[in-house]
Amino acid sequence: MPTVQSGWKKNDGIAVLCPEEHLRGIFLPSHARFVNGAEETCPFRMTSTQISQDMRYMKLALALAKKGKGKVSPNPMVGCVIVNNGEVVGKGHHEFFGGPHAEVNALREAGDKAGGSTLYVTLEPCNHFGKTPPCTDAIIKAGVSRVVAAVRDPNPKMKGRGLERLKRKSIEVSEGILAEEARRVNSSYFKMRRYRGRKVIIKFAMSIDGKIATRTGDSKWISSNTSREYVHRLRTDVDAVIVGANTALRDDPGLTSHGMGRNPVRIVIDPRLKVPLNRRVFDGTAPTIVFHSSTNTKGKLTALRKRRILAVRLHQRNDKIKFQDIIARLNDYSIFKVLIEGGGETIASVLEAGVVTDILVFISPKIIGGKSAITPVEGLGVAEVKNALQLLDTNVRKIGTDFLLHARVARPKQEGRG
Ligand SMILES: NC(=O)c1ccc[n+]([C@@H]2O[C@H](COP(=O)([O-])OP(=O)(O)OC[C@H]3O[C@@H](n4cnc5c(N)ncnc54)[C@H](OP(=O)(O)O)[C@@H]3O)[C@@H](O)[C@H]2O)c1
Ligand SMILES: [Zn+2]
């Protein structure tokens with residue numbers, strides 16, 4: 001007996017995907033495993049015919065996934081194929097941000113034929129309530145017998161839980177088929193750094209006397225062209241940008257990257273749904289979410305839904321939606337890096353929540369003046385300087401005719417939750 005304690009060896013006759021290797025997406029022929037000296041056949045055993053079939057359908061699913069390119073970010077592109085008795089009975093992909101998931105679209109097409117079928121999906125089915133109910137529910141309900149997933153969802157909230165749930169319901173689960181390709185399709189989604197730390201960046205442009213608009217609310221433009229271009233580029237690097245209702249209403253920003261790259265998801269905090277539909281955030285050029293607290297909204301909600309805008313209701317406490325609640329919800333949507341673009345009330349409320357990690361300030365050599373002109377951080381403010389929020393690692397550079405100050409926020413507190 002060799003002295004191998006654990007490892008894999010070739011086991012002729014059966015082709016298998018070993019769990020360790022296939023988690024890394026490497027496709028291997030047959031294996032057996034030594035566990036503490038004893039030989040064990042890989043539990044993920046499959047015949048070669050099955051594997052080549054699985055690869056064929058997974059390829060089709062990946063091709064479907066790619067149809068979502070540019071429409072679902074920062075969510076992953078996902079494709080799904082349902083096969084029953086060698087016949088493709090359903091196909092679907094995640095078509096747009098906030099829309100039904102690939103599995104749901106494919107199950108809808110398959111109808112009754114989903115019973116007893118094999119479902120191929122390029123990413124582990126979700127098992128939590130995000131923008132839509134969990135896909136695992138739909139798969140179980142439809143009576144699918146086998147699920148083949150290319151890769152697990154890297155989101156720590158998910159990782160393996162969807163597949164575990166299916167197994168518990170006696171659905172056969174295989175994973176690892178074309179895993180490398182599936183990861184490549186969604187390479188930015190798989191960049192693990194995204195899950196290590198959340199970034200909440202505040203950004204504003206102010207005059208040298210600390211105003212972000214005039215007393216009439218005019219703010220076009222406080223900063224230089226170069227600074228604004230920098231912001232357009234910055235938007236390609238974040239998952240979402242957030243503005244308050246007054247900014248969306250008054251300034252009517254498009255919040256896109258102006259053709260510099262991928263557009264972020266646009267988010268408006270609009271508790272009473274007061275921002276009219278003719279504002280640019282609702283023009284459909286990029287995915288949009290509205291966080292609101294309104295109950296009497298039937299007509300407006302239908303109109304938003306028609307434009308594929310996601311309206312999410314969150315409770316208000318003391319007349320405010322807690323930013324912690326907003327950030328928690330964004331996690332579910334794979335939004336981890338956000339840029340808060342004002343105005344003053346919104347910035348005050350995100351700072352109060354203690355979730356900010358970075359601050360970017362464009363300081364323009366202009367003087368606006370006016371006691372009633374809005375400042376970058378409105379709200380109540382602190383009563384004593386000793387309680388002021390301390391910034392760290394400050395760094396200033398010249399950008400066009402402006403100065404750009406970057407700083408980190410001392411400690412993103414978590415208190416106040418609950
Ligand atoms: N220079 C710059 O960089 C810059 C950037 C953006 C904006 N601005 C200027 O800033 C001005 C607007 O600033 P602002 O302070 O009046 O408004 P704002 O921050 O744009 O919007 C505030 C409103 O958004 C809603 N909101 C925000 N956070 C909320 C929360 N946590 N919970 C519940 N509701 C929340 C509330 O809507 P309700 O009112 O419905 O309760 C609140 O009144 C404009 O004049 C604009 O030009 C300048
Ligand atoms: Zn799903």
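No value in this document is a laboratory result; all are computed from the given coordinates. Nothing here was measured: the structure is a model prediction, and the numbers come from that model. Here Cβ is always computed from backbone atoms with ideal geometry, including for glycine, and neighbour counts include all displayed protein chains.
Once the other residues with Cβ under 14 Å from the Cβ of THR216 are scored (Lys, Arg +1; Asp, Glu -1), what is the net sum? Residues near THR216 contribute +3 overall.
Post the alpha-carbon centroid distance, region 80-138 to region 160-227, in whole angstrom. First find each Cα centre; the distance between them is then 24 Å. Annotation: lysines with alpha-carbon distance below 28 angstrom to LYS298 (same-chain offsets under eight excluded): LYS71, LYS131, LYS274, LYS306, LYS320, LYS322.
When the Cα positions of PRO287, GLN316, GLY342 are compared along the charge dipole of region 248-356, PRO287 comes out farthest toward the positive end, with charges on each C-beta of Lys, Arg, Asp and Glu.
Based on the Cβ-Cβ distance from ASN318 to LYS157, what FRET efficiency comes out when R0 is 35 Å, to the nearest 0.05? Provide the component values of the computation, followed by the final result.
Details: r = 29 Å, r/R0 = 0.82.
For ASN318 and LYS157, the calculated efficiency is 0.75.
Could you tell me the convex hull volume per residue, in Å³, taken over the Cα atoms of region 174-246? Intermediate values should be presented prior to the final figure.
Numbers: hull volume 10.6 nm³, N = 73.
For region 174-246, the hull spanned by Cα atoms encloses 145 Å³ per residue.
Between beta-carbons, use under 14 Å as the cut-off and find the net charge around TYR230, counting Lys and Arg +1, Asp and Glu -1. For residues surrounding TYR230, the net value is +2.
Kirkwood radius for region 229-300, taken over all pairs of different Cα atoms as the inverse mean of 1/r, rounds to 12.5 Å. The H on the amide N of VAL312, modeled in the peptide plane, is under 5 Å from the matching H of VAL290, PHE291, HIS292, each at least 5 residues off or on a different chain.
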